[in-house]
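The values are calculated or read from the model by the stated rules, or taken from the named source; none is laboratory data. If you're wondering where the values come from, they're calculated on a predicted model, not measured in any experiment. Because the Cβ atoms are built from the backbone with ideal geometry, glycine has one as well, and the counts that use them run over all protein chains shown.
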Ligand SMILES: O=C(O)CCC(=O)C(=O)O
């Protein structure tokens, strides 16, 4: 997707950019179907705790799968989609490398949020604007169901992080919450936020579940010393990019529409 100069400037100055119309209805249906399959086969893990960072909560649920790509052709293919690659490349520059993929699902009424953090507290890249998440609202993401919140401009400061007692493995920070901006999105909308941008999600107070899929990308010049969450880190632009052929033997950049159709067919047959 070609971005305007104003959109690129917004990312550089505020550290985030929302694109409410990104994925179409069929793509969103396939995302939902694949997450339903994850649920059915028990791949989503509740990372919410009772507040001691260890004992899993009996009343709250923050269901996570990280990474998704080893379990799903659909999510393996998603980062290679040309509109993803073009959008990310305009914000962090080439060569773009996929760093991580994950999903969080908040069940209705007892879905809990993911506390404030900067992704760069995990990833530690030298320039926190040269890595970005692309967070997709798999269902409509609203204030009531705890959509993502960001703190504009927060990439300029690295906040201190400590163990998050409400999660069994996350860390969190305590940024100035009065500066937080909620990003409401229709299903299929995305928000890109730099690795340095402080963000969180809130609890889901509605009866319907809500999922968010995050793909994380960095510029290859930032790769040294980054922690290795994924065994495979495909190049998405530059001379080493192959649309997925080098890593998976499939040109996902060209066959995305087939992957989407196949995903929907498999789920409707079950
Ligand atoms: O969707 C969520 O709950 C959190 C997503 C997130 O924090 C991230 O991708 O870094």
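Let's see how each residue does on (1) at positive phi; (2) outside any loop (DSSP other than H, G, I, E, B); (3) surrounded by fewer than 16 Cβ atoms within 10 Å (Cβ to Cβ):
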| residue | (1), (2), (3) |
| --- | --- |
| 6 | no, yes, yes |
| 17 | no, yes, no |
| 37 | no, yes, no |
| 51 | yes, no, yes |
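Test of understanding: among 2, 60, which residue is surrounded by fewer than 17 Cβ atoms within 10 Å (Cβ to Cβ), touching a residue at least 40 places away in the same chain (Cβ under 8 Å) and at negative phi?
Within the list 2, 60, the selection yields 2.
For the stretch 54-69, what are the residues that are at pLDDT 90 or above and farther than 21 Å from residue 35 by Cβ?
Across the stretch 54-69, the qualifying residues are 55, 59.
One residue is enough: does the stretch 151-163 have a residue meeting the conditions in contact with a strand residue (DSSP E or B) (Cβ under 7 Å, 6 or more places away or on another chain) and within 12 Å of the ligand (Cβ to nearest atom)? Spell out the reasoning first.
Going residue by residue through the stretch 151-163, those that are in contact with a strand residue (DSSP E or B) (Cβ under 7 Å, 6 or more places away or on another chain) are 152, 155, 161-163.
Still in the running and within 12 Å of the ligand (Cβ to nearest atom): none.
Taking every residue of the stretch 151-163 in turn, none turns out to be in contact with a strand residue (DSSP E or B) (Cβ under 7 Å, 6 or more places away or on another chain) and within 12 Å of the ligand (Cβ to nearest atom).
Can you name the residue in the stretch 12-53 that is in contact with a helix residue (DSSP H, G or I) (Cβ under 9 Å, 6 or more places away or on another chain) and without any contact (Cβ under 8 Å) to a residue 40 or more places away in the chain and is also farthest from residue 166 (Cα to Cα) among such residues?
Among them, the one singled out is 41.
Do we have residue 97 as within 16 Å of the chain's Cα centre (by Cα), more than 12 Å from the ligand (Cβ to nearest atom), surrounded by 20 or more Cβ atoms within 10 Å (Cβ to Cβ) and not in a loop (DSSP other than H, G, I, E, B) here? Talk me through it step by step, then tell me what you get.
Details: within 16 Å of the chain's Cα centre (by Cα): yes; more than 12 Å from the ligand (Cβ to nearest atom): yes; surrounded by 20 or more Cβ atoms within 10 Å (Cβ to Cβ): yes; not in a loop (DSSP other than H, G, I, E, B): yes.
Here the answer is yes, as residue 97 does meet what is asked.
Identify, please: which residue in the stretch 103-115 is surrounded by 22 or more Cβ atoms within 10 Å (Cβ to Cβ) and outside any strand (DSSP E or B) and is, among those, farthest from the ligand (Cβ to nearest atom)? Steps first, please.
The initial filter retains those residues of the stretch 103-115 that are surrounded by 22 or more Cβ atoms within 10 Å (Cβ to Cβ), namely 103-106, 111-112, 114.
If we keep only those that are outside any strand (DSSP E or B) as well, we get 112, 114.
Working: 112: 9, 114: 4 Å.
Result: 112.
Yes/no per residue for (1) out of contact with any helix residue (DSSP H, G or I) (no Cβ under 9 Å at 6 or more places or on another chain); (2) modelled with pLDDT of 95 or more:
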site	(1), (2)
123	no, no
132	no, yes
141	yes, yes
148	yes, yes
152	no, yes
161	no, yes
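Determine whether residue 142 is surrounded by 16 or more Cβ atoms within 10 Å (Cβ to Cβ), more than 11 Å from the ligand (Cβ to nearest atom) and more than 26 Å from residue 97 (Cα to Cα).
On the way: surrounded by 16 or more Cβ atoms within 10 Å (Cβ to Cβ): yes; more than 11 Å from the ligand (Cβ to nearest atom): yes; more than 26 Å from residue 97 (Cα to Cα): yes.
Here the answer is yes, as residue 142 does meet what is asked.
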